[in-house]
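Undergrad: Could you have a look at this structure, given as structure tokens, before my questions?
The values are calculated or read from the model by the stated rules, or taken from the named source; none is laboratory data. Owing to the predicted nature of the structure, the values given are computational and were not obtained by experimental measurement. Glycine gets a Cβ as well: all are built from the backbone with ideal geometry, and neighbour counts include every protein chain shown. Accessible surface is based on the protein model in full, side chains and every heavy atom, while ligands, DNA and RNA are left aside. Shrake-Rupley method; radii C 1.70, N 1.55, O 1.52, S 1.80 Å.
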Amino acid sequence: MNNEAAFTAMATRGKRFCTKLQAACLALAVLVGLLLSNTVIAFSQETAAGVQDGEARRASVAYDGMLEVSDEETVLLLKFDGKPDYRLFFMDRPDRLVVEFNEITLGFDPEFASKNGGLVKQLRFGSITSDRSRLVVALAAAAEIRRQALEADPETGRYNLRLALGGIEQALFSQRVAEQQALLGSSGEAVVKGGRVRSGPKREGYFTIVLDPGHGGIDGGAAGRTTKIAEKEVTLAVSRLLGPMLEKAGRFHVSSTRDDDVFVSLRERQAVARRENADLMISLHADALRQTYVRGATIYTLADRASDALAQQVADSENLADVVAGLAAPEESDVVTDILADLTLRETTHFSRAFSLMLVRKMRDRVNLINNPQRAASFAVLKNAEVPSVLLELGYLSNSDDEHLMADPRWQSKVAGIVSEAVAEFFSGRQPRSTGN
Ligand SMILES: [Zn+2]
């Protein structure tokens, strides 16, 4: 009864759903289970543990996590102070197990994130939307869930979730992921839609600027070595300073892809810019490089081929953002070529480059810039045919001088001021498009 256990996540989920929609739904869950495999057996530990499915659920906290490795199995033990609402699914390229929680605060000790061994290569956890969070288990090899048990302690009301992973053939793993995706969709992408967008009312005669502070929630981005500041904090701080400055600087309507510590997928970031019919999107980052001596700000625009090896390295690392959060990897590079052809037609590329030039000019001599600060690479978040987009790497958290500057609110404010100036000057001679309302 163990083989298909991994894919009983779906049946488990179906079962929960059923408590709300009753029998018709149960039939559906069974059918889906049968479609997945002839031998799917829905786990029933919850019921065995004496927990009634219909009981009222409250937001709970995951307060502890452990990893136990033996020759046969790798066991993840997660502890909750109430009944967890969760679902499991696998992803490949790279191979991952995603445990997604509803209305649960992941209060694991940060130490838990450094655990690895057996089939677990790396653990990441954090929020993905305002009410969902994920534990993303990067797998060292193809795996399945051999046993899954949710046990309640009736005395304390606490719960333990035990997931025992065992190794399987890569081909079988990939086949199961494909089957699962055919039924569930590719990556739970739908789940992360609707990241909190901050946007005021649009006004006729205004330019729309979308600010896109990089990373957030489960994906902290890079981290400083001494101050421990996370990239997601630096970018959000600068974005929060920049928004009001722009609104004061001219006829700018400002929207942000996030205004909080929440995960937003790369695709959703692009979608926000399109929905807002933005005149410009500015993505903010502060990454880390292997070359710790490299420092200074860089302004990137989209290209199918990277302008240099460093740009390629930065883009590769940025494009992994969704993978970290348990989403599918961004599109293949051949798609970029098509978009680029389209971009050229629409002059979006020209516009993006012209703005990046203006920004470099404004920043020069006032903040530290990298050598050749105007660079290009295939950044997933910039692949937007409709909206001129640039990605500003504020500096590199791998460099300690940069790190200390970027953690300093005065520096953050200074940079925000310069970007705001560049935007105001860039749009000064232009006429806003009619919004049509
Ligand atoms: Zn970044």
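Undergrad: If only one of F173, F101, F90, F125 is part of a helix (DSSP H, G or I), of a type outside the set (S, T, Y) and either touching a helix residue (DSSP H, G or I) at 6+ places or on another chain (Cβ under 7 Å) or open to solvent by less than 60 Å² (accessible area, probe 1.4 Å) (or both), which one is it?
TA: F173
Undergrad: Filter region 373-411 down to the residues that are away from the ligand (no atom under 16 Å from the Cβ) and in a helix (DSSP H, G or I), then identify the one that is most open to solvent (accessible area, probe 1.4 Å).
TA: Only one residue tops the list, namely R410.
Undergrad: Within region 291-304, which residues are within 15 Å of the ligand (Cβ to nearest atom) and under 19 Å from K362 (Cα atoms)?
TA: Within region 291-304, A297, T298, I299, Y300 meet the criteria.
Undergrad: Answer yes or no: is there a residue in region 231-248 that is within 15 Å of the ligand (Cβ to nearest atom), in a loop (DSSP other than H, G, I, E, B) and of a type in the set (A, V, I, L, M).
TA: no
Undergrad: Might you let me know whether region 327-347 holds any residue that is open to solvent by less than 70 Å² (accessible area, probe 1.4 Å), part of a strand (DSSP E or B) and either modelled with pLDDT of 85 or more or not hydrophobic (A, V, I, L, M, F, W, C) (or both)?
TA: no
Undergrad: Still on this structure, I have one more. Looking only at region 278-290, filter to residues that are within 16 Å of the ligand (Cβ to nearest atom) and surrounded by fewer than 24 Cβ atoms within 10 Å (Cβ to Cβ); which one of those is nearest to the chain's Cα centre (by Cα)?
TA: D287
Undergrad: Could you say whether any residue in region 158-175 is farther than 18 Å from D95 by Cβ, modelled with pLDDT of 90 or more and out of contact with any Asp or Glu (no Cβ under 9 Å at 6 or more places or on another chain)?
TA: The answer is no; no qualifying residue exists.
Undergrad: Now for a separate question. Picking from T298, T292, T208, which residue would you name as being in a loop (DSSP other than H, G, I, E, B) and at pLDDT 90 or above?
TA: The unique qualifying residue is T292.
Undergrad: Could you grab me the full set of residues in region 93-112 that are touching a Gly at 6+ places or on another chain (Cβ under 7 Å) and within 10 Å of L78 (Cβ to Cβ)?
TA: L106, F108, F112, listed by residue number.
Undergrad: On to the next question. Criterion first (crowded, with 23+ Cβ neighbours inside 10 Å, over 20 Å from G326 (Cβ atoms), of a type outside the set (D, E) and modelled with pLDDT under 95) does L310 satisfy it?
TA: Spelling it out, it is not the case that L310 is crowded, with 23+ Cβ neighbours inside 10 Å, over 20 Å from G326 (Cβ atoms), of a type outside the set (D, E) and modelled with pLDDT under 95.
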